[in-house]
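Chemist: Structure below; questions to follow.
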Amino acid sequence: MIVSTAPGHVIARIRRASGPNPEGSKLGEKERLHLIYMVGAMHQAGLLRLPEVEGDLRLAIRTALTGRGMTADQVADVFHRYRYTGNVVAVVNAIAVHPDLRDNDYLD
């Protein structure tokens, strides 16, 4: 399961601001919200534009997604495509419906 350190009230705000899971999402609702929080933190730190900077957050995201079937190159490609848009929800939605991402096999 993809989780972050986001407090519950922050996840609730993200839920209201980000809208519903995209159709065909392979992420559970809570997973998507935690991933938005983590990618948002990367964006705030300017790390989406700096793919060569490896950090704990980038590693945690890549590890979670490769554990669900995406390759490290596919994860990097999604971040690369959206690195200048600043649209964190679009990044996460692209990941959520990625054809190689496997559905979770547990309840959200």
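Chemist: Output the residues belonging to the stretch 1-10 that are surrounded by 18 or more Cβ atoms within 10 Å (Cβ to Cβ) and either at pLDDT 95 or above or within 26 Å of ASP73 (Cβ to Cβ) (or both).
Modeler: ILE2, SER4
Chemist: Any residue in the stretch 18-33 that is under 15 Å from ALA90 (Cα atoms), in contact with a Lys or Arg (Cβ under 7 Å, 6 or more places away or on another chain) and free of Cβ contacts under 8 Å to residues at least 60 places away in the same chain?
Modeler: Yes, because at least one residue in the stretch 18-33 is under 15 Å from ALA90 (Cα atoms), in contact with a Lys or Arg (Cβ under 7 Å, 6 or more places away or on another chain) and free of Cβ contacts under 8 Å to residues at least 60 places away in the same chain.
The values are calculated or read from the model by the stated rules, or taken from the named source; none is laboratory data. Source: prediction; values computed, not measured. Neighbour counts are summed over all protein chains in view; Cβ atoms, including those assigned to glycine, are modelled from backbone coordinates with ideal geometry.
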